[in-house]
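Since every read-out is calculated from the coordinates, none of them should be taken as a lab result. Please read these numbers as outputs of a predicted model, since none were measured by experiment.
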Amino acid sequence: MNAMKRYLYDGTADGLFSAISWILEEEADPEKVILAEREQTLFEDGFFINTNVAQAELLFTRLRNCAPDAAYSIYMFILAEKCGMESSLLHYISLVFRHGDKVSGYLTHPAVRDIVSIAKKAGRELHRMKGLLRFEKLQDGAYLAKMEPDHNIIQPLASYFRTRLRAQHWFLYDVKRRTAAQWSRGVLQFGTIEQFITPALSEDEKKVQLLWQTFFKTIAISDRKNPRLQKSNMPMKYWKYLTEKQGD
């Protein structure tokens, strides 16, 4: 029995997609191939594939054209930042080009099952954060929302708020990854924050937060309090940045 061929890439998203594109063109059966991130060790086994940004972009364009639903699943999977699943993604994309969006029905295939389930987890968190984010007004008039999501969803989340808070100047800040998105004067920008100092809240924001906390506690019916159900609907890991949960 022949050993499976092993290919390596540089660890970047562009490197991953350009490697997958190269393998799909050069290998007759991609499911008999292993793809992994290069570890830079002396005796590492495998053929290294150089990154080609244009080739990576072309692959994703082809995916969007032939199977938009599968392409979205792949996008959400990448945002999940799961390590060691490059081979699963390679095999999944190979199946997408054979079956199109019908690939989601092949959940008995391990690669399809893995990619789809992880993509759904990232998608659920993205949907949840759209309702849980709390923007605070700063002294300079801008608004800031902080978060610590499990998945790297700042880009689709910022795109969502770009269409809903067009008139405001706002920031999203991912505390866990130290990355930020800024919307100002019709331009959306992303960047990395090396050192972040929490800006002071405006006096109006402090008053609004106090009123909201009072309102939230006032409407609560103590006899119907169900902490287990509350934690199920809104996991405690999100409470840190919810105004109404401060002081609990």
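Considering only Cα-Cα distances, which of the following residue pairs are longer than 22 Å: Lys121/Lys176; Lys102/Lys130; Lys82/Lys176; Lys5/Lys120; Lys130/Lys176; Lys82/Lys121? Among Lys121/Lys176; Lys102/Lys130; Lys82/Lys176; Lys5/Lys120; Lys130/Lys176; Lys82/Lys121, the Cα-Cα distance tops 22 Å for Lys102/Lys130; Lys5/Lys120. With all pairs of different C-alpha atoms in the average, the Kirkwood value for the hydrodynamic radius of the range 130-192 is 11.7 Å. Convex hull volume per residue, computed on the Cα atoms of the range 1-140, equals 159 Å³.
Under 5 Å between amide hydrogens, built in the peptide plane, is the criterion, and for Arg177 it picks out nothing among residues at least 5 positions away or on other chains.
Annotation: amide H-H contacts under 5 Å for Trp170 (H modelled 1.01 Å from N, sequence separation of 5 or more, or interchain): Tyr143, Trp183.
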